[in-house]
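First up is the structure itself, then whatever we jot down about it.
The values are calculated or read from the model by the stated rules, or taken from the named source; none is laboratory data. These numbers were taken from a predicted model, which means no experiment stands behind them. Reconstructed Cβ throughout: ideal geometry from the backbone, glycine too, with neighbour counts over all protein chains shown. Remember, those area values only see protein heavy atoms, side chains included, never the ligands or the DNA or RNA. Shrake-Rupley method; radii C 1.70, N 1.55, O 1.52, S 1.80 Å.
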Amino acid sequence: MTAHYHILGAKQFNRTELEELFDSAARMEDRETWNTDPRFAGKIMTTLFFESSTRTRLSFESAMSRLGGKVIGTENAAQFSSTIKGETLEDTIRIVSGYSDIIVLRHTDIGAAERAAKVADVPIINAGDGAGEHPTQALLDLYSIRKECGRIDGLTIAMIGDLTYGRTVHSLSYMLANFQNIKLLFVSPENVGIPSYVKHYLEEQGVAYSETENFEDALQSAEVLYQTRIQKERFPSIEEYRKAEGRYIINRDILSRMRKDSIILHPLPRAGEIAPEVDEDPRAAYFRQAQNGLYIRMALVEKCLTF
Ligand code: NCD
């Protein structure tokens, strides 16, 4: 099997690679270049999604199409692939490797992308592995921060909401360790705090962080408010979910107390934690952030296919 450039987790990236990817993504924003690159003509991407998705799957599919390649896939692989007949992930990946040049995988199990990469003969992109990681989301989050704030070094970033099951928070925290003088503020209900393995990594890397249940702490200090959805589908019981839901809602009142130079990000979908009245505020950057997903994913597919 040949060596491939897989995207499995956020820790695999160093700062130089991140800066290169951001520069490529910026290049991808130029529509004049779309569909003109002969390197991707005839290339096929498979999107294999065992969990629901709107932005991630469609932005990957759009990215491949914009590059001039083709897409096949299943958006409901748990039900409509041979998994329902008992096929293992490894077997599915071996087969799909023979039909395409790159596989984008979203799965329910932590570590699924790594398992896939062991048997795949094409690059694997982790588009979310259960409550584990979501590295391509973290890349577009960082790209958005760089665009909106003009820098990443020196920022205070508050991550708010479900920090246990929210995989985007794990990947973003890991990736931020590549930057200088970052301060992370984890704001969460007590039963969905940031996992200790994420904290250990930050300590090893010398990243300053603190934990609180008090949203007000973030309003005064953070330049980036990274709001997240309480991941209802991942809780062990409805009682545990009820303890965490509805605690931090960004609304007009919060906006009036936020820093003037701050931005609000959210990986989306939102489920009530940002009121629609916030959308018109210039600090509401989450729709621009979702659009950036297209450019980052074009850059990633380019990198994987030309490695
Ligand atoms: C996130 C995910 O799937 O982890 N969504 C996304 O990819 N933009 C966040 C979420 O589902 O809450």
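Taking the longest Cα principal axis of the chain as reference, the axis of helix 286-305 is set at about 30 degrees. Between ASP153 and GLU216, full extension at 0.36 nm per residue minus the direct alpha carbon distance yields a gain of 20.4 nm. For LEU185, the residues 5 or more places off, or on other chains, whose built amide H falls under 5 Å of its own are ILE157, ALA158, MET159, SER210. Under 1.5 on a/c is rounded, so check that first for region 148-290, then, if it is not, pick prolate when a/b is larger than b/c and oblate when it is not; a ≥ b ≥ c are the square roots of the alpha carbon gyration tensor eigenvalues. Oblate shape, in that a/c is at least 1.5 and b/c is the bigger or equal ratio. The mean sequence distance of close C-alpha pairs (under 8 Å, at least 6 residues apart), as a share of the length of the chain, puts its relative contact order at 20 percent. Between GLU114, GLU203, GLU148, the Gaussian network model of the chain with springs among Cα atoms under 10 angstrom shows the greatest mean-square fluctuation at GLU203.
Applying the Karplus relation 6.51 cos²θ - 1.76 cosθ + 1.60 with θ = phi - 60° to region 45-51 yields 3J(HN,Hα) values of 9, 9, 9, 10, 10, 9, 10 Hz, where x marks Gly and Pro.
Largest mean-square fluctuation among THR136, THR83, THR168, in a Gaussian network model of the chain whose springs join Cα atoms under 10 Å apart, belongs to THR83.
Compared with the dominant principal axis of the Cα atoms in the chain, helix 55-67 is inclined by about 50°. Stretching the chain fully between ASP279 and GLU203 yields a gain of 23.8 nm (0.36 nm per residue, less the alpha carbon separation). Using the 1.4 Å probe convention, the accessible area of the chain works out to 43 Å² per residue with neighbouring protein chains retained.
Per-residue ellipticity at 222 nm computed for the chain from its helices equals -12000 deg cm²/dmol, with DSSP H segments shorter than 4 residues left out and the rest contributing -39,500 (n - 2.57). For the pair GLU240 and ARG270, a Förster radius of 22 Å applied to the C-beta separation gives a FRET efficiency near 0.60, rounded to the nearest 0.05.
Projecting the Cα atoms of VAL278, CYS149, THR88 onto the dipole axis of the chain, where Lys and Arg carry +1 and Asp and Glu carry -1 at the beta carbon, places THR88 farthest toward the positive end.
Remark: region 135-290 carries a charge dipole of roughly 320 debye about the Cα centre, counting +1 on each Lys and Arg Cβ and -1 on each Asp and Glu Cβ. To the nearest 10, the accessible area of HIS107 is 20 Å² with a 1.4 Å probe.
Each principal axis of the chain carries a Cα extent, and these read 53, 46, 39 Å when sorted largest first.
Apolar share of the accessible surface for region 108-161: 47 percent from carbon plus sulfur atoms, 1.4 Å probe. Derived scalar couplings between HN and Hα for region 168-180 equal 5, 5, 4, 5, 5, 4, 4, 5, 5, 5, 7, 10, 8 Hz in order, rounded to whole Hz, by the Karplus curve 6.51 cos²θ - 1.76 cosθ + 1.60 (θ = phi - 60°), x for Gly and Pro. A cut-off of 5 Å between modelled amide H atoms, ignoring neighbours fewer than 5 places along the same chain, links ILE250 with ILE274, ALA275.
Proximity of backbone amide H atoms, modeled 1.01 Å from N, is registered between THR47 and ILE72, GLY73, THR74, VAL104 at under 5 Å, excluding neighbours fewer than 5 places apart on the same chain. Placing +1 on the Cβ of every Lys and Arg and -1 on the Cβ of every Asp and Glu, with no other charges, gives the chain a dipole of roughly 440 debye about its Cα centre.
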